[in-house]
Amino acid sequence: MTNRPLVAGNWKMNGTSASAAELEAMGTGYDSALADNVELLICPPALLIAQLGSQDKIAIGAQNCHAKESGAHTGDISAEMIRDAGGKYVIVGHSERREDHGETDADVCEKAEAAYRAGLIAIVCVGEVESERRAGTTLEVVTKQVSASVPAGATAENTVIAYEPVWAIGTGLTPTPADVAEVHASIRATLIKRFGGDVGSKMRILYGGSVKPANAKELLAVKNVNGALVGGASLKAADFLGIAEAYRG
Ligand code: PGA
């Protein structure tokens, strides 16, 4: 079965048990016609995964995991724990993790492997910073990140790529559709070269960075864009559904 496009919300460090009401509102607006065309996912803070996973309309995932299954790693959670709590996906290598916690491509690759081990789908994030965009090295940077962060065992079923230009995250700035098309085509070519046409052409590639209801239709219509990774606009049901609506027939 071909993967549906995916609109994924990353709540980052936002949300409490009261956020269940927001998720419920999202589920109410996500009717079966929309569900035929797009899969919805919310990645809340880990403490809410079990609670929010008690509904089955919207998939729930985590924002990070440790590479190991268990052990002396204070404050960390494993992919197995996420799965046990009802999570289906885990984001790995988000630029805020790479920046705030010094995560390298090798770390991200290990975390994605941990996701496979636990039966989770890994959303592997890549993207250039502003100075790299200005220097014209975007494609080079992103190719290197994809090559080093995506494990050899990646398939179209266990892996999603998220292209998120760091300068577009939380800033209200977005690349032009032509720029998005260029990077996504390059990622697609990298995946096909490494994994073959069968896997590489089916693996979903999300765009992330200041996706809003107002720009979703244009960005999501770009070739090789198979969904979105949404931060700020995933916190409110109206905004998140407004983005998903870009997929209504
Ligand atoms: P944003 O965040 O939508 O708030 O720009 C995107 C992300 O960090 O995934």
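The values are calculated or read from the model by the stated rules, or taken from the named source; none is laboratory data. Since the model is a prediction, treat every value here as computed from it, not as a measurement. FYI the Cβ positions are ideal-geometry reconstructions off the backbone, even for glycines, and counts take in every protein chain you see. Accessible surface areas use protein heavy atoms only, side chains included; no ligands, DNA or RNA. Shrake-Rupley method; radii C 1.70, N 1.55, O 1.52, S 1.80 Å.
The residue that is nearest to H66 (Cα to Cα), among those in segment 95-126 that are within 16 Å of the ligand (Cβ to nearest atom) and open to solvent by less than 10 Å² (accessible area, probe 1.4 Å), is V108.
Scanning segment 238-247 turns up no residue that is open to solvent by 30 Å² or more (accessible area, probe 1.4 Å), at pLDDT below 95 and closer than 30 Å to A33 by Cβ. Among the residues of segment 138-162, the one identified as within 16 Å of the ligand (Cβ to nearest atom) and under 9 Å from E128 (Cα atoms) is V142.
Quick one: is I60 β-branched (V, I, T), touching a helix residue (DSSP H, G or I) at 6+ places or on another chain (Cβ under 8 Å), open to solvent by less than 50 Å² (accessible area, probe 1.4 Å) and modelled with pLDDT of 95 or more? In short, yes. Within the span defined as segment 63-78, every residue fails to be in a helix (DSSP H, G or I) and of a type in the set (A, V, I, L, M).
No other residue among V225, V230, V180 is of a type in the set (V, I, T), closer than 21 Å to E132 by Cα and at pLDDT 95 or above apart from V180.
For segment 163-194, filtered to residues that are over 14 Å from G127 (Cα atoms) and among the β-branched types (V, I, T), the residue that is nearest to the ligand (Cβ to nearest atom) is T171.
Annotation note: Cβ proximity below 8 Å between a residue of segment 157-168 that is outside any strand (DSSP E or B) and a residue that is open to solvent by 10 Å² or more (accessible area, probe 1.4 Å) and hydrophobic (A, V, I, L, M, F, W, C) (sequence gap 6+ or interchain) occurs for E157/I121; N158/I121; V166/V129; W167/V129; W167/L173. Scanning segment 6-20 for residues that are within 16 Å of the ligand (Cβ to nearest atom) and open to solvent by less than 60 Å² (accessible area, probe 1.4 Å) returns L6, V7, A8, G9, N10, W11, K12, G15. The set of residues in segment 184-208 that are buried (at least 20 other Cβ atoms within 10 Å of the Cβ) and closer than 20 Å to E39 by Cβ comprises H184, I187, L191, M203, R204, I205, L206, Y207, G208. Counting only residues that are farther than 21 Å from V90 by Cα, within 13 Å of the ligand (Cβ to nearest atom) and in a loop (DSSP other than H, G, I, E, B), segment 196-235 holds 1 of them. Selection of segment 79-94 for residues being open to solvent by 10 Å² or more (accessible area, probe 1.4 Å) and part of a helix (DSSP H, G or I) yields E80, M81, R83, D84. For segment 190-210, a residue qualifies if it is under 30 Å from M13 (Cβ atoms) and out of contact with any helix residue (DSSP H, G or I) (no Cβ under 6 Å at 6 or more places or on another chain), and the qualifying residues are R204, L206, G208. With respect to the stated conditions, A18 fails to be assigned to a helix (DSSP H, G or I) and under 20 Å from the mean Cα position of the chain (by Cα). Total residues in segment 1-39 satisfying the condition of being of a type in the set (G, A, S) and modelled with pLDDT under 95: the figure is 0. If you check L23, L34, L48 for being of a type in the set (A, V, I, L, M, F, W, C), in a helix (DSSP H, G or I), in contact with a strand residue (DSSP E or B) (Cβ under 9 Å, 6 or more places away or on another chain) and open to solvent by 10 Å² or more (accessible area, probe 1.4 Å), only one passes: L48.
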